[in-house]
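Structure first, commentary second.
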Amino acid sequence: MRSITIHGRPVPLAGEGVKAGQEAPDFTVVDPNHRVISLKEFKGRIKIIASVLSVDSPVCNLEIRHLNQAAAGFEADTMFIFVSMDLPFAQRRFCQANAINRMKCFSDYRKADFGLKYGVLIEESRLLARAFFVLDRNDRIHYCQYVPELTQPPDYDALLESLRSMAG
């Protein structure tokens, strides 16, 4: 069973996880207007998906704001997305309060479909682990990063370099 740590304590993750080179599993999540959205709706675009614990977590807060700024350096057909278990109301409040205007936010609170299919669901707390997935225009996984310690930030340099190499 795959796991991460939280303050050094191992915590199992549900789902198999994904790897670079494989086709990205389709999933459904909920947008801030409570509309069900599928990955298929973004086919033809490069996508970076950040799985985060909560918009109210300090590390996640910084991560989302950092990626929102980084998005300015990429073409409009490159989508920056974050997914959490936060309710859509909380995500909308967070985005408005922090001027998150270059990222799309989606909630996995209903079915944990994304969390299970991408192997980031922390079942004991029903939250998502910190991870990144870069998908090409055909929804093939180009890069993934599962952050081993939930309280630590991701490797932004590796993530953005992967994205730059694909965006050309």
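Throughout, read-outs are computed from the coordinates displayed, never taken from laboratory work. Because the structure is a prediction, the values reported are computed rather than measured. Reconstructed Cβ throughout: ideal geometry from the backbone, glycine too, with neighbour counts over all protein chains shown.
A few points about this structure:
- Of all beta bridges that DSSP places with both ends in the range 3-167, some 65 percent have antiparallel geometry.
- In percent, rounded to a whole number, the relative contact order of the range 3-167 is 34, using alpha-carbon pairs under 8 Å and six or more apart.
- Cα gyration tensor shape for the chain, rounded if a/c is under 1.5, else prolate or oblate: rounded
- MRE, 222 nm, helices only [DSSP H, n ≥ 4, -39500 (n - 2.57), over the chain, to nearest 500]: -7000 deg cm²/dmol
- Reported to the nearest whole Å, the Cα centre-to-centre distance from the range 134-152 to the range 47-95 is 14.
- Considering only Pro25, Pro153, Pro58, the mean-square fluctuation computed in a Gaussian network model of the chain, springs between alpha carbons under 10 angstrom, is largest for Pro58.
- Close amide H contacts of Asp86 (hydrogens built in the peptide plane, cut-off under 5 Å, sequence separation of 5 or more or a different chain): Val55, Asp108.
- Eligible lysines near Lys19 by straight Cα distance, threshold 17 Å, same-chain separation 8 or greater: Lys47, Lys117
- The peptide list 41-47, 88-94, put in order of mean Cβ contacts within 10 Å with the highest first, becomes 88-94, 41-47.
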